[in-house]
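Below you'll find the structure, written out as structure tokens, and then a few comments.
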Amino acid sequence: MEYKLFIRQRIRRQFLVSLIFILILGMGWRHPLLGFFIPLCMLLGIGIGLFRGRQWCSWYCPRGSFYDAIIQPLSLKKGTPPIFKNLLFRSAILVLLMLIMFMRIVYLWPNPHRIGLFFMTMLTATTVLGVILGVIFHQRSWCSFCPIGTVIHWLGGSRYPLKIDSATCTECGVCFKVCPMQIAPFKFKKDKVELVKDRDCLKCQSCVHACPEKSLSF
């Protein structure tokens, strides 16, 4: 019951943030200055990440919420391909997209409307890619190699860690089933309370509320 209540509240928040995201996607082409919503989200994500790891990606991130609330029911849920989580692959995507962004901003400077329109183009293209991957594999496939997620992974991935009580954990696998990033906390258990050292944990607390033995906490 506690977990069901938690999930209802989480989904409610994600639907609300998703609506904001959809409105910006729709109106941004007519009002290009809305495109500056993207660098604002990037700065907020990194700022929060310095202290709370990837908690921004849980439901604060409009696109992450959109994938969980809207794309998840459509997903085939085959699991995210391992290459998307590979740090070399993620680093290459980060460098490529940041290079494109830098070059376009320099080229379009100082016209804010044209720069905003570029941000909208970038947001739309990457969102469409994320939707396709989300339907084919897992709704959060894009989040595995999202450039800002990768930056947070490096800068603050170890902040606010998840803990597992190895004495009470039965390795039932419920935590893995509810994790939006497909992390298996029970694989980190040893003979005492241990940290779940996966820097892509979203700190969403889904596993904490779902664990039947209450073995997980932050």
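Within segment 82-115, the only residue that satisfies the criterion of being of a type in the set (A, V, I, L, M, F, W, C) and assigned to a loop (DSSP other than H, G, I, E, B) is Trp109.
Only a single criterion out of (1) in contact with a helix residue (DSSP H, G or I) (Cβ under 7 Å, 6 or more places away or on another chain); (2) surrounded by fewer than 20 Cβ atoms within 10 Å (Cβ to Cβ); (3) of a type in the set (S, T, N, Q) is not satisfied by Ser141, namely (2). Residues that are part of a helix (DSSP H, G or I) and surrounded by 18 or more Cβ atoms within 10 Å (Cβ to Cβ) within segment 155-164 comprise just one, Gly156.
Before we move on, is Ala167 farther than 15 Å from Arg63 by Cα, of a type in the set (Gly, Ala, Ser) and surrounded by fewer than 16 Cβ atoms within 10 Å (Cβ to Cβ)? Yes: the conditions hold for Ala167. Of the residues making up segment 132-154, those that are in contact with a Pro (Cβ under 9 Å, 6 or more places away or on another chain) and not in a helix (DSSP H, G or I) number 4.
Limited to segment 198-218, what total is found for residues that are among the hydrophobic types (A, V, I, L, M, F, W, C), under 19 Å from the mean Cα position of the chain (by Cα) and not in a loop (DSSP other than H, G, I, E, B)? Qualifying residue count for the region: 2.
Looking at Ser141, Ser166, can you tell me which residue is among the small types (Gly, Ala, Ser) and out of contact with any Lys or Arg (no Cβ under 7 Å at 6 or more places or on another chain)? None of the others qualify; the one that does is Ser141.
For every residue, the table says whether it meets (1) free of Cβ contacts under 8 Å to residues at least 60 places away in the same chain; (2) surrounded by 14 or more Cβ atoms within 10 Å (Cβ to Cβ); (3) on the phi < 0 side of the Ramachandran plot; (4) in a helix (DSSP H, G or I).
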| position | (1), (2), (3), (4) |
| --- | --- |
| Lys4 | yes, no, yes, yes |
| Gln14 | yes, yes, yes, yes |
| Leu34 | no, yes, yes, yes |
| Gly45 | no, yes, yes, yes |
| Trp56 | no, yes, yes, yes |
| Gly64 | no, yes, yes, yes |
| Gly79 | no, no, no, no |
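Quick note: the coordinates plus some simple rules give every number you see, no bench work behind them. Since the structure is predicted, the reported quantities are computational estimates derived from the model, not experimental observations. Note that we place each Cβ from the backbone using ideal geometry, even for glycine, and neighbour counts take in every protein chain shown.
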